[in-house]
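Report on the following structure.
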């Protein structure tokens, strides 16, 4: 069983590495059944590739602002709420496209890490000391 899990993880890592190289992608699709067949199974496609270049990076928004590391931390911190609101309201976004690049990205991930760390500290079980 451990070997099977190791093989699946290895295949997954290889697919991610190949799919995340710039300018390449992996597409997995299932065949669509013929009209003569009686099966009602829709076909689907999954495409793995790295995100593209943000054309709005280092450009100011309508208010003349560019998101930096502190804005990234704040947006990462409130990202669970904005994710829920973005499903309801299409005008709400999770991520500021008018950002300064890697510093904003680092701040965004740091804000998300702070949320998960806080949740872990609040809800972890207290284990009794064993003597």
So, first residue not assigned by TED's automatic domain parsing to the domain that holds residue 74 in the range 111-125, second residue at pLDDT 90 or above and loosely packed, with under 11 Cβ neighbours inside 10 Å, Cβ within less than 6 Å, six or more apart or across chains; the pairs are none
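Residues that are modelled with pLDDT of 85 or more and out of contact with any helix residue (DSSP H, G or I) (no Cβ under 8 Å at 6 or more places or on another chain): which helices (runs of 4 or more DSSP H) entirely in the range 1-108 hold 1 or more of them? Don't jump to the end; show me each part of the working.
Values: elements: 2-19, 69-77, 79-88.
Fully inside the range 1-108 and qualifying: 2-19, 79-88.
The values are calculated or read from the model by the stated rules, or taken from the named source; none is laboratory data. Every value quoted in this text rests on a predicted model; they were computed, and no experiment measured them. So basically every Cβ, Gly included, is an ideal-geometry build from the backbone, and we count neighbours across all protein chains shown.
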